[in-house]
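For reference, the structure discussed in these notes is given below.
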Amino acid sequence: MLKKQTIGTTIHKSVIKNARIAIIKTDYYIELNSNLEKACRKTLVHYGLSAEHITTFTAPGSWEIPLIAQTVAKTKKYDAIVAFGVIIKGDTYHFDMIANECTRALMQLSLDYSIPVAIEVLAVNNLKQAQERASQNEQNKGIEGALAALKTLQTLHNIKSE
């Protein structure tokens, strides 16, 4: 899966060598979020990021991710943020509200602070879908979150170097 996702993209170690990445995960569905975090960390280290340059913050739930991400961005200590959460559709509008507002707020934060925010907050219909996306294999969305952060850092570096 890593090979497929990186076709056409070169991530130079010099760009990410000293980068600092913040991972934000939630307490809801902790096992799934831990699987996402582990896959993300493994991918970041695989591409040359020092494990010491990866910091994890925990939010109570997906609703709180944007505030924590904003606080992280304000410190200017991090070059990118990867956000993980699991929101499973229920019988009420709550699912749509949380999923939409979390995503909107994280996108706005990325633009306001000029920091890449990889959003892997899984909005799914059922637990099985969440488990498939947080499984301990190459389908794990933690890999995609890491690659999105790294590719964006590379692209921003390329733009600034022109």
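The values are calculated or read from the model by the stated rules, or taken from the named source; none is laboratory data. Because the structure is predicted, anything quoted here is derived from the model rather than measured. Ideal geometry is used to build each Cβ from the backbone, glycine not excepted, and the neighbour counts take in all protein chains shown.
Within region 36-64, the residues that satisfy the criterion of being buried (at least 21 other Cβ atoms within 10 Å of the Cβ), of a type outside the set (D, E, K, R) and within 16 Å of Leu122 (Cβ to Cβ) are Leu36, Ala39, Cys40, Ala59, Ser62. Residue check: Thr92 meets all listed conditions (1) at pLDDT below 95; (2) surrounded by 12 or more Cβ atoms within 10 Å (Cβ to Cβ) but one, namely (2).
Of the residues making up region 45-71, those that are more than 20 Å from Lys17 (Cα to Cα) and of a type in the set (A, V, I, L, M) are Ala59, Ile65, Leu67, Ile68, Ala69. Within region 127-148, the set of residues being surrounded by 15 or more Cβ atoms within 10 Å (Cβ to Cβ) and among the hydrophobic types (A, V, I, L, M, F, W, C) comprises Ala130, Ala134, Ile143, Ala146, Leu147, Ala148. Among the conditions (1) modelled with pLDDT of 90 or more; (2) in contact with a helix residue (DSSP H, G or I) (Cβ under 9 Å, 6 or more places away or on another chain), the only one that Ile16 does not satisfy is (1). Those helices (runs of 4 or more DSSP H) of region 15-122 in which 2 or more residues are touching a residue at least 40 places away in the same chain (Cβ under 8 Å) and more than 20 Å from Asn140 (Cβ to Cβ) occupy 65-75, 94-113. Cβ separations smaller than 6 Å between residues 6+ apart or across chains give the following pairs from region 127-154 residues that are among the basic types (Lys, Arg) to residues that are in a loop (DSSP other than H, G, I, E, B): Lys151/Thr9.
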